[in-house]
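What follows is one structure encoded as structure tokens, with my remarks underneath.
What follows is calculated from the coordinates using simple rules that are stated; it is not laboratory data. Not measured: the values here are computed from a predicted model. Cβ placement follows ideal geometry from the backbone for every residue including glycine, while neighbour counts extend to all protein chains displayed.
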Amino acid sequence: MKKLFFIILMFLISYTIFSQENIAIIPKPVSVVMHDGNFVIDAKTSILYNTSNKEIANAIHFFTSSIKEISGIDLKKNQHQEKSINFQIKQIPNIGKEGYQLQITPTNITIAANSNAGIVYAIQSILQLLPGVRTNAILKLPCLTIEDYPRFEWRGMHLDVSRHFFSPEIVKEYINLMARYKMNVFHWHLVDDQGWRIEIKKYPKLTSVGAWRVDYTNLVWGSRPQAKPNDDATYGGYYTQDQIKEIVAYAAERNITIVPEIEMPGHVASAIAAYPELSCSQKFQLPLTGGNYTNISSNYCAGNDSVFTFLQNVLTEVMQLFPSKYIHVGGDEVDKTPWKNCVKCQNRIKQEGLKNEEELQSYFMKRIEKFIISKNRKMIGWDEILEGGLAPEATVMSWRGEAGGIEAAKQKHNVVMTPGTPCYFDHYQTGPEGEPLAIGGMNTLKTVYDYEPISKELNDENKKYVLGAQANLWTEFITTAEHVEYMVLPRMLALAEVLWSKKDAKDWIDFNRRLQPSFKYFDEKGFHYSKGNFNVEIKPTSINNKLSVTLTSEIPNAIIVYTTNGTEPNTLSNVYTNPIVINASLTLKAAVVVNNKVMSVKPAEQKFVIHKAIGKNVMYQYSISKYYMANGNNSLTDGVTGTFAVNKYWHGINEKDLIATIDLAETKSVTNISINCLQKYADWIFLPTSVQFEISTDGINYTTVGKDVNNISTSIKEPTIKTFSTTFNQANARYIRVSAYNLKECPKGHPGEGKPAWLFADEIIVN
Ligand code: TNX
């Protein structure tokens, strides 16, 4: 009786442990059908496979070593046992090269696929159902049937090892994490201004000189001084060809192709440090220490044939190391000024009948593509390679938004989508308060999850050129393995699901449920990761001409608490349910509460000002930049004041003055006018030199009622908001004209010295 009770209990436990709801594979498989019962992996389990298939032998090795790591069990191979795990490569329709079928019954596991890739992915799915580290628990798998295959063929992750060098061990860890979530392209950014990271036997100075820079790691990227000729270059590193071969093989075992990026024609100050004759100026320099590009050579000379000989020799060695079909040649952000001032480049333009320097870049890329094609490979580059004409067979990586990708797909070129939003994983994922310093921007887990790589602008014919998408991890602000992990986890999991799973299977709440076992895995393995975006979004809306706000959070089932009296919200504060009507000037603060704990590091905060110009029309003498339209034309009279987040609420204008005229629709008595402006040195945004305030009753004749001159230095680097204002004797006005005068040029000593400055303004407050 006792025994029967025990059996029933065990059955109930095992039954409740596994059900459709708690299978937690990421990315979500195409189809999962649950059955009763379990398969237990133990010493009585054998694996069966065709030993003459070499490819499968790798996968078997990966599987058996993983099982040994988490349980100590040495699985028997091809022996008759009570239970077996059967690996088969055979022809299966409709699941493609990377798909797999997985069937688990109490006595057998069958893994079948068209190729080794599918076998590897079936193994990854199994591993996600097992503990991540060694425990004493028995290895129990639920009985089920899975059929699974990816939506996109390019599921990429990029890592910049130039701005910071990461050891082969860290690179392997990155590859391993990618593999667990079925990502299959590792874009290895091996060359940039700040370091050349790949050994090239023919040009040893590329690494003996180009891989080392003067160490200013203690200073923020943008404020590092440039190296002087006799400085000690001690920071850096590179991969030997042997290390690269090993990493390529390690990745291949996990069905990951490594696409090497050998940047050209710009972003190569490191190569020029090694061989100054490659640049137009041919002057000696050291690799860059950070982001200061003044007075250095960053481009190859496009008029010098020996540059092409050099690049062909480099690429030949690169192609010997990397079997990848695609070779990435960069092509981004080429400052064409040195070419404009170079006799050789100008001669090339003449001889080749090119129109300008854009076409010179196109000439450069086409010449390199010809060489790459002659070696039976394909060239891929950043979207700038569209400018001046795309090379005949080039694949485009679209990073400045999706426009380049859309354009290339329309020209019937293959495309990989990696738009800054949401694919740049060097951007913040929450905060920014409480987060490690990042380059800027905000790509939350949910914005990544919501990403759709096929733009609506593409028709059925052009869609097929979108190979997939990729996240990029640039490392100007990232120097450790822990920080790398933190920036990609868990966002990579969201992207993995976007790229693998069916589009209509997207389910944010279910994804969050499935994330929990991954979080546990990261904890057990000691990986650093972001626990989520606990920010509250405060969204002003106008309902029946009344200003009201909605509060939202990305966290499923989160409670939002808020205050309107300036105090910090806590678990006892008002709980948000419906839009909050704003009928007086106030500051709203809101935070997320989960399990009775305030989660937000800092509450979201927004100031509202109710004044006489709310909702009134604004006209501008010079148009506001289309990038900084905030909530539209009347953003300066919406009652919502700008915060330090540049992309919200502010109207931005480049080089020109901001001259705004408000029509109050009727004559009102006025005594005070003000406008808020922003200075954000790092983003080239400066306070106006002065602001002039005028009023009028007829819109023709204006009277000046004040002028406020800026008293804050343009060299202040901390983001600063300044209110410019004037108070005068009560006067009647229907029209208010506010003229904020642009600094016009970035000041001396600024990285953008002499280039157009931005002016950012928000609420014009009229009382
Ligand atoms: C732009 S993306 C770059 C990189 C920077 C990155 C920082 C691209 C092709 N160029 O050189 O590291 O922004 O987010």
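One table, with the values for the structure above:
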{"item": "Pairs from Lys28/Lys97; Lys54/Lys410; Lys54/Lys506; Lys546/Lys744 whose Cα-Cα separation, in the structure shown, is over 30 Å", "result": "Lys54/Lys410; Lys54/Lys506; Lys546/Lys744"}
{"item": "Entries in Lys412/Lys456; Lys375/Lys503; Lys90/Lys520 that, when Cα-Cα distance is taken, lie over 26 Å", "result": "Lys375/Lys503; Lys90/Lys520"}
{"item": "Overall Cα dimensions of the stretch 441-516 - principal axes, largest extent first, Å", "result": "44, 31, 20"}
{"item": "Tail weight of P(r) past 20 Å, computed on alpha-carbon pairs of the stretch 190-307, percent", "result": "43 percent"}
{"item": "Extreme residue, positive dipole direction of the chain, given options Leu515, Val314, Ile262 (C-beta unit charges)", "result": "Leu515"}
{"item": "Estimated dipole of the stretch 534-607 in Debye, rounded to 20 [Cβ of Lys and Arg +1, of Asp and Glu -1, Cα centre]", "result": "100 debye"}
{"item": "Viscosity 1.567 mPa s, 4 °C: Kirkwood-radius Stokes-Einstein D of the chain over Cα pairs, µm²/s", "result": "44 µm²/s"}
{"item": "Given charges at beta-carbon only (K, R positive; D, E negative), |dipole| of the stretch 268-384 in Debye", "result": "360 debye"}
{"item": "Stokes-Einstein D in µm²/s, Kirkwood radius over Cα pairs - the stretch 24-148 at 4 °C with 1.567 mPa s viscosity", "result": "89 µm²/s"}
{"item": "Using θ = phi - 60° and Karplus 6.51 cos²θ - 1.76 cosθ + 1.60, couplings along the stretch 728-738 (whole Hz; Gly, Pro as x)", "result": "9, 5, 3, 9, 8, 8, 10, 10, 10, 10, 10"}
{"item": "Pairs from Lys202/Lys344; Lys76/Lys182; Lys539/Lys648 whose Cα-Cα separation, in the structure shown, is over 18 Å", "result": "Lys202/Lys344; Lys76/Lys182"}
{"item": "Cα point-scatterer Debye curve for the stretch 340-423, base-10 log of I(q)/I(0) at q = 0.13, 0.23 Å⁻¹", "result": "-0.45, -1.02"}
{"item": "Most positive-pole-ward Cα, Thr240, Gln285, Tyr451, against dipole of the stretch 154-525 from beta carbon charges", "result": "Thr240"}
{"item": "Cα principal axis extents for the stretch 78-184, largest first, Å", "result": "53, 40, 23"}
{"item": "Degrees separating the helix 168-180 axis from the principal Cα axis of the chain, which is the longest one", "result": "80 degrees"}
{"item": "Percent of alpha-carbon pairs separated by more than 29 Å within the stretch 154-525", "result": "40 percent"}
{"item": "Candidate aspartates and glutamates - alpha carbon under 13 Å from Lys607, same-chain residues fewer than 8 apart omitted", "result": "Asp638, Asp762, Glu763"}
{"item": "Net charge dipole size for the chain [Lys, Arg +1 and Asp, Glu -1 on Cβ; Debye, nearest 20]", "result": "980 debye"}
{"item": "Neighbour cut-off at most 10 other Cβ (10 Å), DSSP loop, trypsin sites (Lys or Arg not before Pro), the stretch 66-165", "result": "Lys90"}
{"item": "Debye intensity ratio I(q)/I(0), log10, the stretch 609-767, q values 0.08, 0.12, 0.21 Å⁻¹ (C-alpha model)", "result": "-0.21, -0.47, -1.35"}
